[in-house]
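> Sharing a structure below in structure tokens format, with a few things to ask.
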Amino acid sequence: MWYKRTIPLVIVFVIGVLAFAHNYVPYPEADDFREHMTKWFMIIGGFGLFLGAYSLLHMHVSRIRRMQPGWAYSAFVFIGAAGMIIVGLWNDGYGPLESAPSTAKTWFDWGFDYVQIPCSATIFSILAFFMASAAFRTFRARNVNAALLLVAALLVMFGRVPASESVGAWFGQQGFFPKIADLIMEFPNLAATRGILLGMSLGAISQSLRILFGIERSYMGVGD
Amino acid sequence: MTRGGFTALHFLLAAVLATVALCGGCMRKGVRLADLRAALPDASTVRLYDRPSDDGSALILEWGKVDDVVEGVSYAVEVAKSADDFETRQFKTVKVELTEDSLKSADPKYFGFSEANKKFYVATILPAKLFPPAGAPELTADHIKKLVADDVLSKEQSKLILAEMASDTPDEKLTDEEKACRKWLRRLKLYPRVMQLADEGKLPESKVQRAIRAMTDETADDALSGGDKADRRWLALLAAFIEKRDTKQRDQAAKAINKGVYYVRLAATDGRKKAYVLQDREKVVYSGQARVDTFKRFKLNNLVFALAFSGIVLAFIQIARRNPNLFIRRIAGLEAVDEAIGRATEMGRSVYFVHGLGSMGELATIAAVNVLSRVARRAADYDTRITVTNINPIVMAVSQEVVQQAYTEAGRPDAYDPDDVALSATSQFSYAAAVTGRMVRERPAAIFLIGSFMAESLLLSETGASTGAIQVAGTDSEHQLPFFITTCDYTLIGEELYAASAYLSREPRMLGSLRGQDIGKAFMMIAMVVGVILLTIAVAVAWFDADWITHLVKVL
């Protein structure tokens, strides 16, 4: 199993050390090396796409064959994929529109612009409702911490809407609430975020060392 | 108006004009030569040297700051390829204004944070920018005439192209016809470069003819058919190849230019007159050469910290080998992994492992795959089905390998189904739709959301919460953490994500690295507290003008 364990570990160590050194040497060759690595990554990614397509189609074929719950959705995957492939290949995406004006969209563009993008936008827009339901669950003052969170969230939300300036103006302090919101975001919030970021950086270094020295090998699927 | 009045008005006007002319003359006269000389630094303070910690692309001219320079004076740094070029005026000038941005202190990346840097001006000399390498050959009227003579272009076409070459109308103001003509011209601009390739013997005659045919065809892209369309596509590929070749040649030429020796003179100027730095009544010419440095000195602190922290982590790994019973703080989210998988086993439902959007090049994804291997092993031990959803084919392939290995190690290789570790979609919201749809239909008992997430994080976790699954999330995307904390039962925050695999493995060497990580964190916390105290003292000193605090700090 040396080819499955030792060779990958040597490659990981050598490339890892070179990538680390790249940060500290100004040689133009170091940038060339990085560019080469990026290209390799893209080439491998290209091959990976075939694997992904095979996996996706195989999974949905199995679901249809076994008539699993929701198999009709799997059938829809094939309808959608076949439709896009056919219109994409047929007459450069123009389909039967042989004499299309220069500004006309191809059928392929049409499918992407008027089906794929609106569907994605729809899923994205659901986020607003999910946010509301998640906020409702979270902002219940069950204990002191939750109460603090509730007050801070209300102040930030209120400080971010134009009405806060009008309310502040009643008390002669037009910018009071926006300023409070900014203070919460710039100091306690930023401090906590930076704390998390610092911790993450240390964790990332520690994990990188474990990987470089072959202590952590589970990502290779070869066991400990 | 009388004749006398008219004359008086003329006289008045003439007087005003004469005054304005005199004042204008005075203004044009600018700064006195004596003032320019006074603005010159002492010759001993002027130095020309290679810019430190760089890739050999710059020289630095440095000189001492002169106080009380009169307004309107700036510095001119004249750069030539040889000392004789100054006599023939073949030099380039770098202008340096007397602002704080020109001080050495404005660029601590290369010069550090020394207070003394505020007393020096610097000029950055970039040889490859001052003396740029020769560009690729341009399309000229002669090329068009040759194409007409070869009967490749008609006279009408040549007129159109020549008119377009002379036009400077911006693209957005062109009519559709003019836009098409400009596109055609862009294709034709390849002609001299194609001929260059042909002269070098790098393009056979048949390909040259094909390129010329495709370049000179004025038909719009969408009106082409058959072979012409194929030719146009091939020309686009050829253009990309030529562009890449030009860039490479330009870069190589720039490197050669940067390696040369350059000669530099420094002068104070008001825009018209110049006073040069002199020595023994001669203009001083400095010479220097840029070189590639071996180390980015400005990253020294970064390197020292990285090495020190690595040393601590490696030391604790060694300690853990000898003493496997190191104390590691409890991480609630990871303690819940067994609970979540056990719950799925009892309920007879599956475990979901949802990868984020990251690729295999991101550390968070590698951490997620590491966690997956531990979770998959536990699920395999309990004979519980694990479903892994992926957006990236490479991550999917790695995950398949990891899960298969986990099943093999658990002694159940036959229980592994590759369809359980499949690609769900390759775009963000298609992925969210596919995964949330499966969650609702299959109602898993436990969901792990681990990796790098973006806007889909709340869609996934809120849907998971609505199915009643126990959820454990972990991400390095700090903006998504609030969503996970809100909707998941346990969230791995920050470094806990990277610690997860080591924590779950319970392997002494891995736990040792976690201990080292915690020590590094403690060091950072102490450094921050000390920094806050020192900064507060500095503010207090400035505020109260309290010298006693300064003395106290010095004593301490």
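> For B:S427, indicate whether it is of a type in the set (S, T, Y), free of Cβ contacts under 8 Å to residues at least 60 places away in the same chain and surrounded by fewer than 18 Cβ atoms within 10 Å (Cβ to Cβ).
Working: of a type in the set (S, T, Y): yes; free of Cβ contacts under 8 Å to residues at least 60 places away in the same chain: yes; surrounded by fewer than 18 Cβ atoms within 10 Å (Cβ to Cβ): yes.
Yes, satisfied.
> So in segment B:463-498, with the set limited to residues that are in a helix (DSSP H, G or I) and hydrophobic (A, V, I, L, M, F, W, C), which one is farthest from the other protein chains (Cβ to nearest Cβ)? If you could, list the steps in order and put the result at the bottom.
Taking segment B:463-498 first, the residues in a helix (DSSP H, G or I) are B:463-466, B:481-487, B:495-498.
From the residues that got through so far, the ones that are hydrophobic (A, V, I, L, M, F, W, C) too are B:465, B:481, B:483-485, B:497.
On the way: B:A465: 8, B:L481: 7, B:F483: 7, B:F484: 10, B:I485: 8, B:L497: 7 Å.
Top of the filtered list is B:F484.
> Here's something else I'd like to know. Check off (1) closer than 30 Å to B:Q196 by Cα; (2) in contact with a helix residue (DSSP H, G or I) (Cβ under 8 Å, 6 or more places away or on another chain) for B:K129 and give me the number that stays unchecked.
Single failed check for B:K129: (2).
> Further, regarding this structure: Among the residues in segment B:366-379, are any hydroxyl-bearing (S, T, Y) and more than 8 Å from chain A (Cβ to nearest Cβ)? First the steps, then the outcome.
The initial filter retains those residues of segment B:366-379 that are hydroxyl-bearing (S, T, Y), namely B:373.
Checking the rest, the ones that are also more than 8 Å from chain A (Cβ to nearest Cβ) come to none.
No, segment B:366-379 contains no residue that is hydroxyl-bearing (S, T, Y) and more than 8 Å from chain A (Cβ to nearest Cβ).
> Taking helices (runs of 4 or more DSSP H) that do not extend beyond segment A:93-190, which have at least 3 residues that are over 30 Å from B:A434 (Cβ atoms), within 12 Å of chain B (Cβ to nearest Cβ) and at pLDDT below 95?
Numbers: elements: A:107-111, A:117-138, A:144-159, A:163-170, A:176-184.
Result: A:144-159.
> Continuing with the same structure: With the requirement that a residue be among the hydroxyl-bearing types (S, T, Y), crowded, with 24+ Cβ neighbours inside 10 Å and under 13 Å from B:A364 (Cβ atoms), what does segment B:475-508 give you?
Those that are among the hydroxyl-bearing types (S, T, Y), crowded, with 24+ Cβ neighbours inside 10 Å and under 13 Å from B:A364 (Cβ atoms): B:T475, B:Y498, B:S501.
> Which ones in segment B:341-387 are charged (D, E, K, R) and in a loop (DSSP other than H, G, I, E, B)?
Initially, segment B:341-387 is screened for residues charged (D, E, K, R), giving B:343, B:346, B:349, B:362, B:374, B:377-378, B:381, B:383, B:385.
Listed by number, the residues that qualify are B:R349, B:E362, B:D383, B:R385.
> Which condition number in (1) of a type in the set (F, W, Y); (2) within 29 Å of B:Q405 (Cβ to Cβ); (3) in contact with a Ser or Thr (Cβ under 8 Å, 6 or more places away or on another chain) is the one that B:F429 fails?
In the conditions (1) of a type in the set (F, W, Y); (2) within 29 Å of B:Q405 (Cβ to Cβ); (3) in contact with a Ser or Thr (Cβ under 8 Å, 6 or more places away or on another chain), B:F429 misses (2) alone.
> Across segment B:298-324, what is the total count of residues that are more than 28 Å from B:A380 (Cβ to Cβ) and not in a helix (DSSP H, G or I)?
Total satisfying the criteria: 1.
> Specify which of the listed residues (B:R374, B:R412) is over 20 Å from A:M59 (Cβ atoms), of a type outside the set (F, W, Y) and surrounded by fewer than 21 Cβ atoms within 10 Å (Cβ to Cβ). If you could, list the steps in order and put the result at the bottom.
Numbers: B:R374 fails: surrounded by fewer than 21 Cβ atoms within 10 Å (Cβ to Cβ).
That would be B:R412, the only listed residue that is over 20 Å from A:M59 (Cβ atoms), of a type outside the set (F, W, Y) and surrounded by fewer than 21 Cβ atoms within 10 Å (Cβ to Cβ).
> Just checking, does segment A:61-73 include any residue being at pLDDT 90 or above, exposed (fewer than 13 other Cβ atoms within 10 Å of the Cβ), facing another protein chain (nearest Cβ under 9 Å) and closer than 30 Å to B:E442 by Cβ?
Just the residues of segment A:61-73 that are at pLDDT 90 or above, to begin with: A:61-67, A:71-73.
Cutting the leftovers down to exposed (fewer than 13 other Cβ atoms within 10 Å of the Cβ) gives us A:65-67, A:72.
Adding the requirement that they be facing another protein chain (nearest Cβ under 9 Å) leaves none.
No: zero hits.
> Report, by residue number, each residue of segment B:78-103 that is assigned to a strand (DSSP E or B) and either hydrophobic (A, V, I, L, M, F, W, C) or under 31 Å from the mean Cα position of the chain (by Cα) (or both). Explain how you work it out, then say what you get.
Step one: filter segment B:78-103 for residues assigned to a strand (DSSP E or B), giving B:78-80, B:91-96, B:103.
Once the filter is applied, which keeps residues that are assigned to a strand (DSSP E or B) and either hydrophobic (A, V, I, L, M, F, W, C) or under 31 Å from the mean Cα position of the chain (by Cα) (or both), segment B:78-103 yields B:V79, B:A80, B:F91, B:K92, B:T93, B:V94, B:K95, B:V96, B:L103.
> Oh, and also: So A:R210 clears everything in (1) within 14 Å of another protein chain (Cβ to nearest Cβ); (2) in a helix (DSSP H, G or I); (3) over 29 Å from the mean Cα position of the chain (by Cα); (4) among the basic types (K, R) except one condition, right? Which one?
(3)
> May I ask you to list the residues in segment B:237-270 that are surrounded by 13 or more Cβ atoms within 10 Å (Cβ to Cβ) and of a type in the set (G, A, S)?
B:A239, B:A253, B:A254, B:G260, B:A267, B:A268
> Go through segment B:114-174 and tell me which helices (runs of 4 or more DSSP H), entirely inside it, have 2 or more residues that are free of Cβ contacts under 8 Å to residues at least 12 places away in the same chain and not assigned by TED's automatic domain parsing to the domain that holds B:V94. Before the answer, list the steps.
Numbers: elements: B:127-130, B:141-149, B:155-166.
Helices (runs of 4 or more DSSP H) meeting the threshold: B:141-149, B:155-166.
> Just give me the residues in segment A:213-224 being facing chain B (nearest Cβ under 7 Å) and either part of a loop (DSSP other than H, G, I, E, B) or touching a Lys or Arg at 6+ places or on another chain (Cβ under 6 Å) (or both), in sequence order. Please lay out each step first, then the result.
Step one: filter segment A:213-224 for residues facing chain B (nearest Cβ under 7 Å), giving A:215-216, A:218-219, A:221-224.
Selection gives A:I215, A:E216, A:G221, A:V222, A:G223, A:D224.
> Still on this structure: Pairs needed: first member in segment A:117-146, surrounded by fewer than 14 Cβ atoms within 10 Å (Cβ to Cβ); second member anywhere, part of a loop (DSSP other than H, G, I, E, B); C-beta distance under 9 Å; at least 6 residues apart or different chains.
Correct list of pairs: A:A146/A:F139; A:A146/A:R140.
> With respect to A:V161, determine if the residue is under 29 Å from the mean Cα position of the chain (by Cα) and farther than 20 Å from B:F483 by Cα. If you could, list the steps in order and put the result at the bottom.
Numbers: under 29 Å from the mean Cα position of the chain (by Cα): yes; farther than 20 Å from B:F483 by Cα: yes.
It is true that A:V161 is under 29 Å from the mean Cα position of the chain (by Cα) and farther than 20 Å from B:F483 by Cα.
> From the residues in segment B:49-72 that are touching a helix residue (DSSP H, G or I) at 6+ places or on another chain (Cβ under 6 Å) and more than 24 Å from B:E115 (Cβ to Cβ), which one is nearest to the other protein chains (Cβ to nearest Cβ)?
Among those residues, the one meeting the criterion is B:D55.
> Let me confirm something: among B:T175, B:T169, B:T99, which residue is among the β-branched types (V, I, T), modelled with pLDDT under 90, surrounded by fewer than 17 Cβ atoms within 10 Å (Cβ to Cβ) and touching a helix residue (DSSP H, G or I) at 6+ places or on another chain (Cβ under 9 Å)?
Residue meeting the stated conditions: B:T169.
> From the list A:L198, A:L190, A:L209, which residue is out of contact with any helix residue (DSSP H, G or I) (no Cβ under 9 Å at 6 or more places or on another chain) and either of a type outside the set (A, V, I, L, M, F, W, C) or closer than 28 Å to B:M528 by Cβ (or both)?
The conditions single out A:L190.
> Still on this structure, I have one more. So, in segment B:412-452, of the ones that are out of contact with any Asp or Glu (no Cβ under 9 Å at 6 or more places or on another chain) and assigned to a loop (DSSP other than H, G, I, E, B), which residue ends up farthest from the other protein chains (Cβ to nearest Cβ)?
Checking each candidate, the answer is B:P444.
The values are calculated or read from the model by the stated rules, or taken from the named source; none is laboratory data. Given the structure is predicted, the values throughout are model-derived calculations rather than measurements. We place every Cβ from the backbone using ideal geometry, glycine too, and count neighbours over all the protein chains shown.
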